[in-house]
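Visitor: I'd like to ask you about the structure that follows.
The values are calculated or read from the model by the stated rules, or taken from the named source; none is laboratory data. Keep in mind that what you see is a predicted model, and the values were worked out from it rather than measured. All Cβ positions, glycine included, derive from the backbone under ideal geometry; neighbour counts span all protein chains shown. Heavy atoms of the whole protein, side chains included, go into the accessibility calculation; ligands, DNA and RNA do not. Shrake-Rupley method; radii C 1.70, N 1.55, O 1.52, S 1.80 Å.
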Amino acid sequence: MTKPSPSPILPLEVTDLTVAYHEKPVLWDVDCAIDEGTLLAIVGPNGAGKSTFIKACLGLIPTAAGRVKVFGKTYAVQRKRVGYVPQRESVDWDFPTHALDVVTMGRYGHLGWFMRPGKTDRDMAMDALEKVGMAEFARRQISQLSGGQQQRVFLARALVQDADLYFMDEPFSGVDAATERSIIQLLQELRSKGKTVIVVHHDLQTLKEYFDWCMLLNVRRIALGPVDEVLTKENLHRAYGGRSAFLRS
Amino acid sequence: MIFDIILIACIVAAACSMPGVFLVLRRLSLQSDAISHSVLFGIVISFFLVKNFHSPLLMIGAAATGVLTVMLSEVLLKTKLVKEDASIGLVFPALFSIGVILISKYAGDIHLDTDAVLTGEIALAPFDRFVVRGVDLGPRSAWSMGLIAGVNFLFLLGFFKELKLSTFDAGLAASLGFRPHLLHYGLMIMVSITAVGAFDSVGSILVVALMIVPAATAYLLTDSLAVMIALSIGVGVVSAATGVIVAFSLDTSISGTMAVVCGLFFAVALFFSPRYGMVSKMIVARDRKWVFACYTLGVHLLHHEGTPEEEQESHVRHLQDDLKWAPKYAKKVVASGIRNGLLLKTGNHLRLTPLGKETVRSLMNRG
């Protein structure tokens, strides 16, 4: 259960990852190895370090110890193969721009410094908007979109990154049931194309229906494996203490 | 001479409004206030080193002080003993006051007095000419500010995509390798150099007005970053030119009048911006109120249509008795419903038109 079957190059291999704020550990000695084509949920209570884990993998915050390998190399080398969807609340939706422009930002990594996005990039962005059912809102100012629509725009932006490994920080937060279903459908589609998708999630009820693998986190890695094997009473108790409603039901 | 002053004012305003756009979008307006004050420290120190007001070293000193201000604020913030606003508020008065003390103590006989530091002296700027081999090429500050405006423009042009992404979503920018922290410092250096250049003309307080107000005005008028930059420059230049002319005819402070005209432009945008102005928001809110009342009435009529109570429920008086609407209000709602083709009134009875029924049905399905 601790390690998936050995594969030559894993999309994500994390060893002994430790992150601390002022000597207070937020993530402590976390190991994980994720196989290609996995749809993995990271779950755990508030403050468990779920977002921190993603940010540390992407080199956005300093780590106290540990190593992150993306397709066998450091993240800095593999940037173009990795897509990232930050939390929707982390950006300013009053920014003067429209949906299509935000999606085009997903191409910036491939363009590099100084290069301007061209027609091909905008066409890709338009296709991605179509894919998430947002084509008619392409020219809509982003503050005029609902929470679910904003999340779809973010997802479209990740799609044009055309990555092999995706990190998504709470893509279901603040979206309606219909949007949630269409998002998970897209994620499953990505997986069936052999992409690896890592999602911070906090609804234990839908875990089994949506994902095939799951990492239970609470500063330490409690468990990692197929959802069924991870969601044991004992594991949940170790992660959530007595706080999980799911435990009682 | 007034043309020289207008020229200088316009160039200063254009140079200031460019970094202003990103300061406003990054919620760093106060940081510009901090930098424009603390650069005084850099100017004074550099002046003591080279004894020349036109040395490029002054710019380097100012840029270094700007970066120092930002870094010191960050160091204070990282101690977690002060909050962000306080960390800014602690650093710049310290540097500014050291600058003021140094001027009053050691620079009594040079053209750096504490009044000019606050509001500048643009009226004197045309007297300082840029002369090359005996040829007068115009006011020196027009050239130096023109250079700064040009550099600012090239910076925005060259890093447009990078600045946009790191301002909107610093997390993604960093994950893509765009170094948002470096861009942040680049922007702060740009603000510092612009502040020093504009110092002579408009002083350290009004330079903040020229940076922030045009950008804040442009922000209310457009949904596109490129247009916002263009509008910001436009508002800055027009208010600078107008400000100089008004100040001359009223014989008042030039820089003060420039800032006031800027403020007037902002006030106009605040009230009358087509999309985000207060007036159009009020109109939208008012319309929405009537539309909602109309729909409420429509749902009520549809609900009782074809039932035995229809006769009673559709009576105009019913609106007062059971919907508890004031007679005047009820009358207005009915009038607006009829005007929009949703309602028909025969005698004292109300009916939905086919369009009214369709509208109400689709509304109920959506809910």
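Visitor: Keeping all protein chains in position, work out how much accessible area A:TRP113 exposes to a 1.4 Å probe, and write it in Å² to the nearest 10.
Guide: For A:TRP113, solvent-accessible area is about 90 Å².
Visitor: Taking the Cβ-Cβ separation of B:VAL279 and B:THR307 as r and a Förster radius of 41 Å, what is the calculated FRET efficiency to the nearest 0.05?
Guide: The pair B:VAL279/B:THR307 has a calculated efficiency of 0.40.
Visitor: On to the next question. Along the charge dipole of chain B, which of B:ILE122, B:LEU206, B:ILE98 sits closest to the positive end, that is, farthest toward it, with unit charges on the beta carbon of Lys, Arg, Asp and Glu (+1, +1, -1, -1)?
Guide: So the residue furthest toward the plus end is B:LEU206.
Visitor: Now, a different point. Measuring with a 1.4 Å probe in the full set of protein chains, what accessible area per residue, in whole Å², belongs to region B:280-366?
Guide: It amounts to 68 Å² per residue over region B:280-366.
Visitor: Using a 1.4 angstrom probe on the protein heavy atoms only, could you order B:ILE233, B:ILE338, A:ILE198 from most to least accessible area?
Guide: B:ILE338, B:ILE233, A:ILE198
Visitor: Using modelled backbone amide H atoms (1.01 Å from N, in-plane), which distant-in-sequence or interchain residues come within less than 5 Å of A:MET215's amide H?
Guide: Distant-sequence amide H within range of A:MET215: A:ALA41, A:ILE42, A:VAL43.
Visitor: Step through the residues of region B:291-306 one at a time and calculate ³J(HN,Hα) from phi using the Karplus curve (6.51 cos²θ - 1.76 cosθ + 1.60, θ = phi - 60°), rounding each to whole Hz and writing x for Gly and Pro.
Guide: Couplings: 4, 5, 4, 4, 5, 4, 5, x, 4, 4, 5, 5, 4, 9, 5, x Hz.
Visitor: Right, here's the next one. Determine how large the accessible area of A:SER51 is when every protein chain is in place; take a 1.4 Å probe and give Å² rounded to the nearest 10.
Guide: 20
Visitor: Express the carbon and sulfur contribution to the solvent-accessible surface of the protein assembly as shown as a percent, rounded to the nearest whole number, probe 1.4 angstrom.
Guide: Ligands and nucleic acids excluded, carbon and sulfur reach 60 percent.
Visitor: In the protein assembly as shown, what percentage of the DSSP-assigned beta bridges are antiparallel, given to the nearest 5?
Guide: About 60 percent, rounded to the nearest 5.
Visitor: Enter the Cα centre distance for the pair region B:180-216 and region A:11-39, rounded to the nearest angstrom.
Guide: Computed from Cα coordinates, the inter-centre distance equals 42 Å.
Visitor: So how far apart, in nm, are the two label points at B:PHE130 and A:SER90 if each is 7 Å from Cα heading toward Cβ?
Guide: For the pair B:PHE130/A:SER90, the computed spacing is 4.5 nm.
Visitor: For B:TYR295, B:TYR185, A:TYR166, give the ranking by accessible area with the largest first, probe 1.4 Å.
Guide: In descending accessible area the options line up as B:TYR295, B:TYR185, A:TYR166.
Visitor: Over region B:2-276, calculate the relative contact order: mean separation of alpha carbon pairs under 8 Å at least 6 apart, over the residue count, as a percent.
Guide: Contact order relative to length: 31 percent.
Visitor: While we're on this one: Among the residues of region B:145-177, which ones have their accessible area go down by 50 Å² or more when all the protein chains sit together, as opposed to their chain alone (1.4 Å probe)?
Guide: Residues losing area: B:LYS161, B:LYS164, B:PHE168, B:ASP169, B:LEU172, B:SER175, B:LEU176.
Visitor: Most fluctuating residue of B:ALA125, B:ALA216, B:ALA170 in a GNM of chain B with Cα springs under 10 Å: which is it?
Guide: B:ALA170
Visitor: Buried by at least 50 Å² relative to the chain on its own: which residues of region A:85-111 qualify, computing accessible area with a 1.4 Å probe on protein heavy atoms?
Guide: Residues losing area: A:ASP92, A:PHE95, A:PRO96, A:MET105, A:TYR108.
Visitor: Could I get the Rg over Rh figure for region B:2-276? Both from C-alpha atoms, Rh via Kirkwood, rounded to two places.
Guide: Checking Rg against Rh, the ratio lands at 0.97.
Visitor: Would you mind getting the accessible area per residue of region B:2-276, heavy atoms of the protein chains only, 1.4 Å probe, in Å²?
Guide: Normalised by residue count, the accessible surface of region B:2-276 is 43 Å².
Visitor: With contacts defined as alpha carbon pairs under 8 Å and 6 or more residues apart, what's the relative contact order of chain A in percent?
Guide: 27 percent.
Visitor: Could you calculate the FRET efficiency of B:LYS289 with B:ARG361 from 1/(1 + (r/R0)^6), where r is the beta carbon distance between them and R0 is 22 Å, rounded to 0.05?
Guide: Rounded to the nearest 0.05, the efficiency is 0.50.
Visitor: Whole-Hz ³J(HN,Hα) for each residue in region A:152-166, computed from phi via Karplus 6.51 cos²θ - 1.76 cosθ + 1.60 with θ = phi - 60°, x for glycine and proline: what do you get?
Guide: 5, 4, 4, 5, 4, 5, 5, 4, 6, 5, 6, 9, 9, 10, 10
Visitor: Which sequence of B:GLU309, A:GLU23 reflects their accessible areas, 1.4 Å probe, from the largest down?
Guide: The ordering from most to least exposed comes out as A:GLU23, B:GLU309.
Visitor: Provide the per residue accessible area, probe 1.4 Å, for chain A, rounded to a whole number of square angstrom.
Guide: Each residue of chain A exposes 44 Å² on average to a 1.4 Å probe.
Visitor: For region A:70-83, what does the Karplus curve 6.51 cos²θ - 1.76 cosθ + 1.60, with θ = phi - 60°, yield as ³J(HN,Hα) per residue in whole Hz, taken in order and with x for Gly and Pro?
Guide: Couplings: 10, 6, x, 10, 6, 4, 4, 7, 9, 2, 5, 9, 10, x Hz.
Visitor: A:LEU12's amide H: which non-local residues (gap 5+, or another chain) put their own amide H closer than 5 Å, with H modeled 1.01 Å from N in plane and none for Pro or chain starts?
Guide: A:ILE34, A:PHE71
Visitor: Buried accessible area for the B:A pair, summed, 1.4 Å probe, in Å² rounded to 100?
Guide: 2700
Visitor: B:GLY138's amide H: which non-local residues (gap 5+, or another chain) put their own amide H closer than 5 Å, with H modeled 1.01 Å from N in plane and none for Pro or chain starts?
Guide: B:PHE130
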